[in-house]
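The values are calculated or read from the model by the stated rules, or taken from the named source; none is laboratory data. Everything numeric here is computed off the predicted structure, so don't read it as measured data. Don't worry about glycine lacking a Cβ; one is built from the backbone with ideal geometry, like all the others, and counts go over all protein chains shown. The area values use the complete protein model at the heavy-atom level, side chains included, leaving out ligands, DNA and RNA. Shrake-Rupley method; radii C 1.70, N 1.55, O 1.52, S 1.80 Å.
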Amino acid sequence: MEVPGSGHVQLAVVLRFVDVAVDALAAAREEVDALNVYPVPDGDTGTNMHLTVSAAREAVRQAVADRSDADVVEALEALRRGALLGARGNSGVILSEMLRAIVERLLAATSEETNAGVVADALRRAAAASYAAVGEPVEGTMLTVARAAGDAAVLRAEEPRARARDVFAAAAAAARAALAATPDQLPLLREAGVVDAGGRGLSVVLDAAETVLTGRRPVPVATGLGAARTIPVPHLAPGGHALAADGPSYEVMYLLETTAERVPELRARLGGLGDSLVVVGGDPLWNVHVHVDDVGAAIEAGIDAGRPHRIRVTHFAEQRAGAAATPVGAASRSGRRVVTVSAGAGLTRLFEEAGAVVVAGGPGRRPSTGEVLAAIEASGAAEVVLLPNDEASVRVAEVAASTAAQDLGLRVAVVPTIAQVEGLAALAVHEPGRGFDRDVREMTATARHVRQGAVTVAARQAMTMAGPCEPGDVLGVVAGDFVVVGSDAFDVATQVLDRLLASGGELVTVVAGVDDPEGSLATRVAGWLEEQHPTVEVVVYDGGQDRYPLLVSVE
């Protein structure tokens, strides 16, 4: 892994890491949630860590999206800020502080330093930052795992010819060993028969880094003591730990705009109100997390210190009850709605006429998780189906779905449509009168059976599957791949349709873009279809999408 100060930019490594880390946390989310017995058995540690890293990845992607001149410094800075703004829960806030410390050390690296030394120092500083962020550090938690990883990294970096990949491998191995030992340090874990949930989540992240740099997938430690379960179940005694009458009842989180000078006083006030206090960040933005009984006092402390916003309050008893509890606002919702991403004004009209809630998107304008969440909330529905209609937006939709399910108590499913025409096809078979799961299955199956293509114009010189292209060349797209290079849009469009119709089809949808304002290309293509494929039904729409004069699909 090359650090910025070394002069060798490795943006691809950062992009690969955030992808692998998010996927790994998603796969381990249920397991980590099940392990969650400390400090409160609210079963959300895995979800919170997944959402935190997902927010960081989204910020990185937005920072470098559609930019050929983007560099690793911008990506790292976006990762740091995205993790801070998107941090969720006690574990997520601590993880965001660790990522901040790592990023700051990488950005401060000089060309005289070795990559191994910089990485080792970054991991050491991350561990120190995690301890500093917590009001009352407890051993046997993710803090312990972080320190073990940092110590092992420093020792490995001191060996001759050590590389960054060796340092990360040593750190990940030490984290796994420290995780296995957490029940010996924290009696509550030993009684429940599990390892620490936050430590397991951190181990997943370090394993992801090792995978990216070495290509190896480490074998995780057993997370349930003596149990052979895929997802361990804590063995809590009836009426036992954590949600006892003398424990704090609420989790309070908010972002706070203030100066570093005011943070110590804030820590002192919040520390006197409750426990699990974590304050992370730096001038001028901080992320505050605390468990309290007096929610008003915790928020007032923030107001006295600066300007709190994005205030979130969770009642542990309701969260623990899960589906049995009715989340705030859920009772007023009813029915089912579809939320879809639209790439053009005409497409927006089509989606809205079909009853969908629309989020603006398209090339160079991909929606954020916040925008999708806002649309879900605005829908007023208790059940929501998301149609991202773009490959890069599928993961954004998945994070939004997970967040809405957790925070709003809604049933939310993502139909992973990767093109606007797939979204149109899925929405056409949407039926709110049938069961939710069946409706999602029908929409998903329809989208998967759509063969989709497009016509666009090359913006730069490149090598495609169909050969080299120059700026201004017309490109034919099938299933996301450039398969035709030509000079005439109509000729390229008919070649694309010939490929799509090679295995048959009953319905062809043609969507005209903003670069075909009069629909002349779409009209010519429709006429060609009627002549060459008379048994096929043809539907033409004015989509108004950018960059693609024509979108087509075959069903």
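In table form, for the structure just shown:
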read-out	value
Hits in segment 470-490 (condition: in contact with a strand residue (DSSP E or B) (Cβ under 8 Å, 6 or more places away or on another chain) and outside any strand (DSSP E or B))	472, 473, 479, 487, 488, 489
Some residue of segment 411-429 being assigned to a loop (DSSP other than H, G, I, E, B), surrounded by fewer than 23 Cβ atoms within 10 Å (Cβ to Cβ) and not β-branched (Val, Ile, Thr)	yes
Checklist (1) touching an Asp or Glu at 6+ places or on another chain (Cβ under 7 Å); (2) more than 16 Å from residue 26 (Cβ to Cβ) applied to residue 384, failing item	(1)
Residue count, segment 329-388 (criterion: outside any helix (DSSP H, G or I), of a type in the set (Ser, Thr, Tyr) and within 18 Å of residue 543 (Cα to Cα))	2
Looking only at segment 330-357, and only at residues there that are of a type in the set (D, E, K, R) and modelled with pLDDT of 90 or more, the one that is nearest to residue 515 (Cα to Cα)	349
Residues satisfying the stated conditions in segment 272-301, i.e. in contact (Cβ under 8 Å) with a residue 12 or more places away in the chain, open to solvent by less than 40 Å² (accessible area, probe 1.4 Å) and over 20 Å from residue 81 (Cα atoms)	274, 276, 277, 290, 291, 292, 295, 297, 298, 299, 301
Output for segment 430-457, where each listed residue is closer than 23 Å to residue 494 by Cα and outside any helix (DSSP H, G or I)	450, 451, 452, 453, 454, 455, 456, 457
Single residue of 32, 53 found to be of a type in the set (A, V, I, L, M, F, W, C), at pLDDT below 90, under 20 Å from the mean Cα position of the chain (by Cα) and buried (at least 22 other Cβ atoms within 10 Å of the Cβ)	32
Every pair of residues 6+ apart whose Cβ atoms lie under 8 Å, when the first sits in segment 536-555 and is small (Gly, Ala, Ser) while the second is assigned to a loop (DSSP other than H, G, I, E, B)	543/343; 543/513; 544/513; 544/514; 553/419; 553/450
Qualifying positions in segment 361-376 - without any contact (Cβ under 8 Å) to a residue 40 or more places away in the chain and farther than 12 Å from residue 390 by Cα	370, 371, 372, 373, 374, 375, 376
Hey, residue 463 over 19 Å from residue 545 (Cα atoms) and surrounded by fewer than 22 Cβ atoms within 10 Å (Cβ to Cβ) or not	yes
Close pairs from segment 151-180: first touching a residue at least 60 places away in the same chain (Cβ under 8 Å) and closer than 14 Å to residue 209 by Cα, partner open to solvent by 20 Å² or more (accessible area, probe 1.4 Å) and aliphatic (A, V, I, L, M), Cβ under 8 Å, at least 6 apart	164/1; 164/213; 165/1; 165/213; 168/1; 168/213
Of the criteria (1) open to solvent by less than 20 Å² (accessible area, probe 1.4 Å); (2) under 20 Å from the mean Cα position of the chain (by Cα); (3) more than 17 Å from residue 555 (Cα to Cα), which one residue 408 fails	(1)
Residue within segment 73-85 that is of a type in the set (Val, Ile, Thr) and either surrounded by 22 or more Cβ atoms within 10 Å (Cβ to Cβ) or out of contact with any Pro (no Cβ under 7 Å at 6 or more places or on another chain) (or both) present	no
Segment 91-116 - residue that is surrounded by fewer than 19 Cβ atoms within 10 Å (Cβ to Cβ) and in a helix (DSSP H, G or I) and, of those, nearest to the chain's Cα centre (by Cα)	104
Residue in segment 441-454 that is within 28 Å of residue 554 (Cα to Cα), among the hydrophobic types (A, V, I, L, M, F, W, C), without any contact (Cβ under 8 Å) to a residue 60 or more places away in the chain and touching a strand residue (DSSP E or B) at 6+ places or on another chain (Cβ under 7 Å) present	yes
Failed item in (1) in contact with a Pro (Cβ under 8 Å, 6 or more places away or on another chain); (2) assigned to a strand (DSSP E or B); (3) over 28 Å from residue 348 (Cβ atoms), with residue 460 passing the rest	(2)
Wholly enclosed helices (runs of 4 or more DSSP H) of segment 120-209 bearing at least 2 residues within 28 Å of the chain's Cα centre (by Cα) and under 30 Å from residue 263 (Cβ atoms)	142-157, 164-185
Per-region count, segment 529-555, residues open to solvent by 30 Å² or more (accessible area, probe 1.4 Å) and either polar (S, T, N, Q) or assigned to a strand (DSSP E or B) (or both)	8
